[in-house]
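> What follows is a structure written as C-alpha cells; I'll ask about it next.
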Amino acid sequence: MAIVTCRQLGYRYRDEDSSRAFALHGVNLELEQGLFYAVLGSTGSGKSTLLQHFNGIYQPSEGEIQVLDVTFQAGQKKKGLKELRSRVGLVFQFPEQQLFEETVEKDLMFGPIQFGKSKEAAREAASKALAEVGLSRELLERSPFELSGGQIRKVAIATVLASEPELIVLDEPTATLDPVSRHELIELLQELRRKEGRTVVMVTHRLDEVFCAADRFVLMKEGTITFTGTRQELLESPERLAEAGIVEPQMMTLALEASRRTGLPVAEMPCELDDWAEWLMNHSGLASGQSGQPAHASDPDDDNRTALGQPAAHEPIAEEEQAGELRPAGTGEEG
Amino acid sequence: MIRMEQIAFHYPKREALFENLSLHIEKGQWVSIVGPNGAGKSTLAKLINGLLSPAAGQIQVDGLPVTREHVDEVRKKVGYLFQNPDNQFIATTVRDDIAFGLENRAIPREEMLDRIQEVAVELQIADWLDRHPASLSGGQKQRVAIAGLLVLQPDIMIWDEATSMLDERSKQAMMEQLKELHQNRNMTILSVTHDAEEILASERAIVIKNGQVAADMTPLELFEQEELAYECKLMPPFALALSMAMKKKGCRIAPVQDERELVNAIWPS
C-alpha cells in the first residue's frame, strides 16, 4: 500500500520570480508502507523541498501529493494538519534547532501533549523514545543544550519518535555525526522499520552508509527524480549515480568489478562485511589452501544471508522474537 | 615546528582536560588528531594558534612562544579552518572577504590585489570573486575560506572538522586540496577529523585520550587497532575493513587503502 503518492508534483518558492526554475518539477513517486527509502542528490536537487511536502509544510504549486489519507492539490491551501503531523514525523537537517525546552524530558513530551496525550502518557512516551535512540534515562532531567552533538541529534530524533509517527522523515540526519554514531543511527532506523513496521525516508548524500540498509533508492537532480528502484536496479545502472552527483560506494565498485572478474551476477554478492570476506576468499585464488574456511555454498547459515540483490530485510512485520538488544552490524537478516 | 610541553588546560568550572600533555610535530608533516568525543581535540588545535591559553606548560610554533605578546606573529603562521563555513565570513563579496586578513596586516593595495588573484587562480575560485559568500555552496565556501587563509601565506594549516558538513563530492575536492598544500607548499597540516579517507591520506595519527597523547602511530596502525579506532568513533573504509576481515579469516592479504587496491590484491593481473 502506498503511504505517499506524488503525481506531477511541482513546487516554486514564493519569493522566486516566475522565470526561475521550479525547486521541484514533475515529480511522480510512490512510497510503500513499511520500507526504508534513501533519497540522494547533490545540493539544490530538491530533496529537502520534497520532504517538507510530506507533512504539509510546503504545499504543491503544481500537481498533487497524497500522504496517508490527506491529499494536497496545487492551488488549494490545506489547514488543520495536526493529525497528519502526529502521523508523519519530520526530523530537520539540524534537528538541534527543534529543541527548545529546559529539559530533555519536556522536549520529548511536547509532541505527544500537543497531539492530545495526557501528561502521564506523554511522560511514558518520552522514556520509551529516549530508550529507542539508545540514550540513558539520566538525560531526561538534563538541559538539551548540555549534551554532546551526537546526543543532541539523538534526542531530536527521539522527540519525533515520541509521537509514534507511521512515517518517519529525516533530512540528512547523519550530517556532522561521527562515523560510529552514523552507523548506530541507521541501525536504529532499520530496527524501527523492521520491528514496528514504520516507513522511513532518509535524505543523505552518502550512499555508502545506506547502501545495505535501505530497501529503495530515490535519486534526484535539479528538482526532478531521475531514478527510483532497488539496490539491484541501482547496481545495474551505476551511471545514474554519476548523473545525480553521488559518489559510488566502495562496495558497489567492488561488486561490479568482482562480477566482471568472476562472471557472476552482482545480485548474488553479499552485503555484510564478513560475508564479503568469505565470498571473496571462495571466489578468488587467495583463499585456497590458506584459510581452511568452508566453501560458502556449504555454509549452514547460507539461507540467512542477505545478498545485494535482495531487499535489506523481509517485508515489514513485527518480529517479536527479535525484541531486545540491537544486533550488531554484519549479522545476516533473519529468514 | 610545533612543540607542546607539559600542557595543562581546563575550561572554567570543569575538570582538567589536559594535565601533562606533550607533543612535537615536525615541519611539513600531515597529522590527524583523533580521539573520543570530548577528549579535547579541538581544544588542542585552538591552543596551538593561541585561541586558548594553557594553565601550565609551554607551546612553541616555529620557535615562537604562543603567548599574549607573540600571538599575532603566531597567527600569521597558523591558518585555522573551522567546521562551519558560514561562521567565517564577514564581507559581502568573496574578494573583500579574502582581502580582510591582508587589510588587517596593512599590505599595500597593489600587492593585496595581486595576492588575491594568485590564490584565486590556484584554488579555482577566480570566477566567484565578485559574488556574495552566502550565494556559494558549503564546499565552495570552504574553498573561499581556504583562500582567505592561504593569501596570508601560513606555514601551518589547522583544519578543525573542516570537511564534516560537506557532501561527498565537495569533501573529495577538499581532500585533493589538502594533498596539494602538503605536496606543493610543504605545509604542515593538523587536521581534527573523523573522516577515514582523510586520516589514511595523512602521515601520522595522534590519539588524544584522558588528557594525554594516548597513541601516536601511522593511520593504518590506528585502524588495525580496532578497539581504539572504535573508541575514537572511527570506522575504516569498506575496502580496508574487508581486507582486515579477510586477514582475520586466515587470508594472506595486506591492508588496503581503497577498493582498487583490494581488487588488485585479490585478482592480480
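All of the numbers you see were taken from the coordinates with simple rules; none came from a lab. Being a predicted model, the structure only gives us computed values, none of them experimental. Heads up, the Cβs are rebuilt from the backbone with ideal geometry, glycines too, and the neighbour counts pull from every protein chain shown.
> Exposure proxy check: A:Lys47, B:Lys249, A:Lys119 ranked by fewest other beta carbons within 10 Å?
A:Lys119, B:Lys249, A:Lys47
> Another question, then. Using amide H atoms built 1.01 Å from N in the peptide plane, name the residues 5+ places from B:Gly57, or on other chains, whose amide H lies under 5 Å from its own.
B:Ala8
> Turning to a different aspect of this structure: Using only alpha carbon pairs under 8 Å that are at least six residues apart, calculate the relative contact order of chain B and give it in whole percent.
In percent, rounded to a whole number, it is 24.
> Once the Cα atoms of helix B:138-150 and of chain B are each reduced to a long axis, what angle between those two axes, in degrees from 0 to 90 to the nearest 10, is obtained?
On a 0 to 90 degree scale, this one is about 60.
> Quick one: Cα centre-to-centre distance for segment A:200-247 and segment A:82-127, in angstrom?
Each part reduced to its Cα centre gives a spacing of 31 Å.
> Taking Cα pairs under 8 Å and at least six residues apart, what relative contact order does segment A:148-216 come out at, in percent?
Values: 51 pairs, mean separation 26.5, N = 69.
Reported as a whole number, the value is 38 percent.
> With a Förster radius of 45 Å, plug the Cβ-Cβ distance of A:Glu124 and A:Gln76 into 1/(1 + (r/R0)^6) and report the FRET value to the nearest 0.05. Spell out each step's value before the answer.
Numbers: r = 38 Å, r/R0 = 0.84.
Result of the calculation: an efficiency of 0.75.
> Next up: Which part of segment A:134-165 falls in the paramagnetic zone of A:Glu187, meaning amide N under 16 Å from the point 7 Å along Cα-to-beta-carbon?
A:134-136, A:151, A:154
> Which value in nm describes the separation of the simple spin-label points at B:Asp258 and B:Arg14, placed 7 Å from the Cα toward the beta carbon?
So the label points at B:Asp258 and B:Arg14 sit 3.7 nm apart.
> Still on this structure, please answer the following. Considering only DSSP beta bridges where both residues belong to segment A:2-230, give the percentage that are antiparallel (nearest 5).
That works out to approximately 55 percent antiparallel.
> Give a quick list of chymotrypsin sites (Phe, Trp or Tyr not before Pro) in segment A:1-92 that DSSP marks as loop, anything other than H, G, I, E or B, with at most 16 other Cβ atoms within 10 Å.
Counting only loop positions with at most 16 other Cβ atoms within 10 Å, the chymotrypsin sites (Phe, Trp or Tyr not before Pro) in segment A:1-92 are A:Tyr13.
> Rank the residues B:Trp267, B:Trp128 as a footprinting-exposure proxy: fewest other Cβ atoms within 10 Å of their Cβ go first.
Lowest count first: B:Trp267, B:Trp128.
> What is the angle, in °, between the Cα long axis of helix B:168-185 and the longest principal axis of the Cα atoms in chain B? Nearest 10 is fine, range 0 to 90.
So the inclination is approximately 70 degrees.
> Separate question: Return the percentage of antiparallel bridges among DSSP beta bridges fully within the protein assembly as shown, rounded to the nearest 5 %.
Restricted to the protein assembly as shown, the bridges split so that about 55 percent are antiparallel.
> What's the exposure ranking of A:Phe100, B:Phe100, A:Phe211, A:Phe227, going from fewest to most Cβ atoms within 10 Å?
A:Phe100, B:Phe100, A:Phe227, A:Phe211
> Between segment A:19-48 and segment B:96-138, what is the C-alpha centre distance in whole Å?
Each part's Cα centre sits 36 Å from the other's.
> Something else: What does DSSP give for segment B:2-233 in terms of the percent of beta bridges that are antiparallel, rounded to the nearest 5?
50
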